[in-house]
Amino acid sequence: MPYLEEYYDVAVVGAGHAGCEAALACARLGLETVMFTVSVDSIALMPCNPNIGGSSKGHLVKELDALGGEMGKNIDKTFIQSKMLNESKGPAVHSLRAQADKQDYTREMRRTLENTDHLTIRQAEVSEILTEEGKITGVRTFSGAVYRAKAVVLATGTYLNARCIYGDVSNATGPNGLQAATHLTDSLKANGVEMFRFKTGTPARVDRRSIDFSRMEEQFGDKRVVPFSFSTDPETVQKDQVSCWLTYTNEKTHEIIRANLDRSPLFSGAIEGTGPRYCPSIEDKVVKFPDKDRHQVFIEPEGLYTNEMYLAGMSSSLPEDVQHAMYKTVAGLENVKIVRNAYAIEYDCVNSRQLKPTLEFKNIEGLFSGGQFNGSSGYEEAAVQGFMAGVNAAMKILGREPYVLDRSQAYIGVLIDDLVTKENHEPYRMMTSRAEYRLLLRQDNADLRLRAIGYEIGLVSPEDYERTLKKERDIKAEVDRLEHTNVGANEKVQNFLKAHGSTELKTGATMAELLRRPELDYFMLGEIDEKRPALPADTAEQVNINIKYQGYIRRQEQQVAQFKKLESKKLSPDLDYNTVNSLRKEAAQKLNLYKPASIGQASRISGVSPADISMLLVHLEQTRQRGKGQ
């Protein structure tokens, strides 16, 4: 029986946040790309929270944008509230977060995809990967159609063998009742891919008209909105914003939950998958934190044209009747009407230690993967992985060197390195604490760190790159000016210092020395800095940070130099670690399992000690000496 057969350079399986970025990267690099989705209506779907960014996740979005990704541009077009988190803390942990209009976000991303050259969208379930002699050759859909491809990117999200559960109710569907993908897992296992079973969850959506907002705390957006994309004109995102609301659970809520734990599939054993430790369900919180008498609940709008509201902080898999009783104990939700029940979702994902740092499978050439399929959680984590998988699939086809960001370059580098070198037995979530060099990896300087790489890849325009180069020049010139601009101890300066609670000058000082005082900043100094040039706000912010945190930044740069030394010491993928003298058996087993690319990567593998690393360094030196002697 004849079947449809078509030919492409790249096939992307999945059209969530990872699939969209992978497909766009490949198509924009001129490769004929086909993207598969079980439903065209689910492109860039936000099945859980209605926001982009947040603590550490905002860093990922800014880095993705600096490299030439789409997520930042898309949220700038479709946000309904924007807020900079952690502003009371240092700049390393400042994180942008924006509420999205979910329908607008999906619609706008779909419009971008549909109008991108070299990109074809197909609504079909991919049921099989096609390989020959350990190399990918394409995919087959459930209908039997064959799509030949030089590379395949798997970005299946939470759809593989998905099961939505609350109480005794279990539906074999993907998120939001969409069709699950039930055939691909068997094909992957047949090709030697090791799979895990993970779980995530989502809270109920409720009717705005049934909420008493007078019993809640109103949460406003920022007066001055900072865009996610470095390409977005800041003036275009200054607009009226909607409010979110804050309320709390209470002891009565917790009593209902505790009384019904035996009916929770999470505790009864009906849910097999491992859930995310850092995004627990409300029943998890009540059990794990019995001393807490309340938990935050954020009431967030799903969009401008719907009355659905999202109850952030109260995800659950409890039975329907328990959900109704539980939610109605919360202040302001006494008469709430549920539109969509909360549920947990189980799905198949890959053991990410099978991947190279390029996100290509070690044992299947040309097969790449990204997103929740790799065992991570979150839209932002998914998007950056999809982008890097797409870029490296394209590089492989184009015969160019792959791109691997290391831990000193980007949060993206930290995320991927953690996935491929550490044992992840639960969905991985990005956090600022995971980044050793977070003072250097701020979201505000993502363009200065990564624009050049995006331009080199071919996904950043010459105009955008030139803007970044000008910004670099302007920052350097202004820092130099402040370091060499002297301020006398005159009456105007002394009055300025007194007004800002700063110690008066005994002798002259430079502007930079004044700026380093904790109570002063670059923007205040404008009052006594008569020769100051007019700089854009983001450039002025860099000047302020570079001078104020100069000592800390230099110290971290020295740490990075040490890190780079270990990263530069490459390890052969063919090295049998059982042959390395004095290496402990456990370390040899782990190293043979992971096949690290460098000494640095080897040092981050659980079970490999500093003493083992010393043995590896000795082995490398002996190998080098033998090579010189031949």
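The values are calculated or read from the model by the stated rules, or taken from the named source; none is laboratory data. Predicted model only: the values in this text are computed from it and were never measured. All Cβ positions, glycine included, derive from the backbone under ideal geometry; neighbour counts span all protein chains shown. The accessibility values were calculated without ligands, DNA or RNA, using every heavy atom of the protein model including side chains. Shrake-Rupley method; radii C 1.70, N 1.55, O 1.52, S 1.80 Å.
Using a 10 Å cut-off on Cβ atoms, rank the peptides 280-291, 537-548 from the highest mean neighbour count down. Write down the numbers at each step before the final one.
Working: 280-291: 17.3, 537-548: 19.6.
Descending mean neighbour count gives 537-548, 280-291.
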Here the net charge surrounding Tyr248, from other residues whose Cβ is less than 13 Å away from its Cβ (Lys, Arg +1; Asp, Glu -1), is +2
For the stretch 151-256 the mean separation of alpha carbon contacts under 8 Å (6+ apart) over residue count, i.e. relative contact order in percent, is 16
A 1.4 Å probe over the protein heavy atoms gives the stretch 285-436 a carbon and sulfur accessible-area percentage of 47
Excluding residues fewer than 8 positions from Lys590 in its own chain, the lysines with Cα under 16 Å of it are Lys356, Lys362, Lys422
With the 8 Å Cα cutoff and a minimum separation of six or more residues, the chain has a relative contact order in percent of 16
Sorted by chain and number, the residues with a modelled amide H under 5 Å from that of Gly201, at a separation of 5 or more or across chains, are Ile345
The answer for GluC sites (Glu not before Pro) in the stretch 167-237 that fall in a DSSP coil and have at most 11 neighbouring Cβ atoms within 10 Å is Glu194
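If you keep only loop residues by DSSP, which GluC sites (Glu not before Pro) in the stretch 364-469 have at most 16 other Cβ atoms within 10 Å of their Cβ? Walk me through the numbers on the way to the answer.
Working: sites: Glu365, Glu380, Glu381, Glu423, Glu436, Glu456, Glu463, Glu466; in loops: Glu423, Glu436.
Within the stretch 364-469, the qualifying GluC sites (Glu not before Pro) (loop, at most 16 other Cβ atoms within 10 Å) are Glu423, Glu436.
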If the label point sits 7 Å along Cα→Cβ of Asn363, residues of the stretch 102-130 with amide N under 19 Å come out as 128-130
Of all stretches in the chain that avoid chymotrypsin sites (Phe, Trp or Tyr not before Pro) placed in a DSSP loop and having at most 13 other Cβ atoms within 10 Å, the longest is 306-522
Once the in-chain neighbours fewer than 8 apart are removed, the aspartates and glutamates whose Cα is under 15 Å from Lys498 read Glu519, Asp521, Glu527
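Quick check for me: using +1 on Lys/Arg Cβ and -1 on Asp/Glu Cβ, what's the dipole size of the stretch 57-140 about its Cα centre, in debye to the nearest 20?
400
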In nm, the gap between the two label points placed 7 Å beyond Cα toward Cβ at Asp207 and Leu4 is 4.2
Loop-resident GluC sites (Glu not before Pro) in the stretch 24-98 with no more than 14 other Cβ atoms inside 10 Å, DSSP not H/G/I/E/B, are Glu87
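Considering only protein heavy atoms, what per residue accessible area in square angstrom results for the stretch 584-630 with a 1.4 angstrom probe?
On the way: 2510 Å² over 47 residues.
With the other protein chains kept in place, the stretch 584-630 gives 53 Å² per residue.
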Under the rule rounded for a/c under 1.5, else prolate if a/b exceeds b/c, else oblate, using alpha carbon gyration tensor axes a ≥ b ≥ c, the stretch 283-412 is classed as prolate
Expected vector for the stretch 212-224, Karplus 3J(HN,Hα) from phi with 6.51, -1.76, 1.60 and θ = phi - 60°, integer Hz, x for Gly and Pro, equals 9, 6, 5, 9, 10, 9, 6, 10, 9, x, 5, 5, 10
For the stretch 253-405, the per residue accessible area (1.4 Å probe, Å²) is 36
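Keeping every protein chain present and rolling a 1.4 Å probe, give me the accessible area per residue for the stretch 167-214 in Å².
Details: 2170 Å² over 48 residues.
Result: 45 Å² of accessible area for each residue.
Go through Lys62, Lys252 and list them by solvent-accessible area, largest first, probe radius 1.4 Å. Kindly include the intermediate steps, with their values, before the conclusion.
Details: Lys62 15, Lys252 130 Å².
Ranking Lys62, Lys252 by accessible area, largest first, yields Lys252, Lys62.
Of the DSSP beta bridges with both residues in the chain, give the percent that are antiparallel, rounding to the nearest 5.
Numbers: 54 of 77 bridges.
Percentage antiparallel, nearest 5: 70.
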Extension length gain for Val242 and Glu519 (0.36 nm per residue less Cα distance), in nm, is 96.4 nm
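Mean separation of Cα pairs under 8 Å and 6+ residues apart, divided by the residue count of the stretch 300-399: what relative contact order is that in percent? It would help to have the intermediate numbers written out before the result.
Numbers: 95 pairs, mean separation 16.9, N = 100.
RCO, the stretch 300-399: 17 percent.
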Here the stretch 231-236 yields Karplus 3J(HN,Hα) values (6.51, -1.76, 1.60; θ = phi - 60°; whole Hz; Gly and Pro given as x) of 8, 7, 5, x, 5, 6
For Lys292, counting only aspartates and glutamates whose alpha-carbon sits under 17 Å away and dropping same-chain residues fewer than eight positions off, the answer is Glu251, Glu255, Glu283, Asp284
Pairs over 23 Å Cα to Cα, from Lys89/Lys252; Lys89/Lys548; Lys62/Lys570; Lys57/Lys102, come to Lys89/Lys252; Lys62/Lys570
Treating only Lys and Arg (+1) and Asp and Glu (-1) as charged, each at its beta carbon, one finds that the chain has a dipole about its Cα centre, in Debye to the nearest 20, of 1480
Asn307 neighbourhood, Cβ < 15 Å, K/R = +1, D/E = -1, net charge 0
Long-range amide H partners of Val339, meaning residues 5 or more apart or on another chain whose placed amide H is closer than 5 Å, are Arg205, Val206, Asp207
Taking protein heavy atoms only, a 1.4 Å probe, and rounding to whole percent, the accessible area of the stretch 100-142 owed to carbon and sulfur comes out at 36
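Quick one: net charge around Arg451, please, counting Lys, Arg +1 and Asp, Glu -1 for every other residue with C-beta under 12 Å from its C-beta. It would help to have the intermediate numbers written out before the result.
Numbers: positive: Lys62, Arg449, Arg467, Lys470, Lys471; negative: Glu63, Asp65, Asp447, Glu456, Glu463, Asp464, Glu466, Glu472.
Net local charge, Arg451 excluded: -3.
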Amide H proximity to Glu334 below 5 Å, modelled H, separation 5+ or other chain, gives Asp212
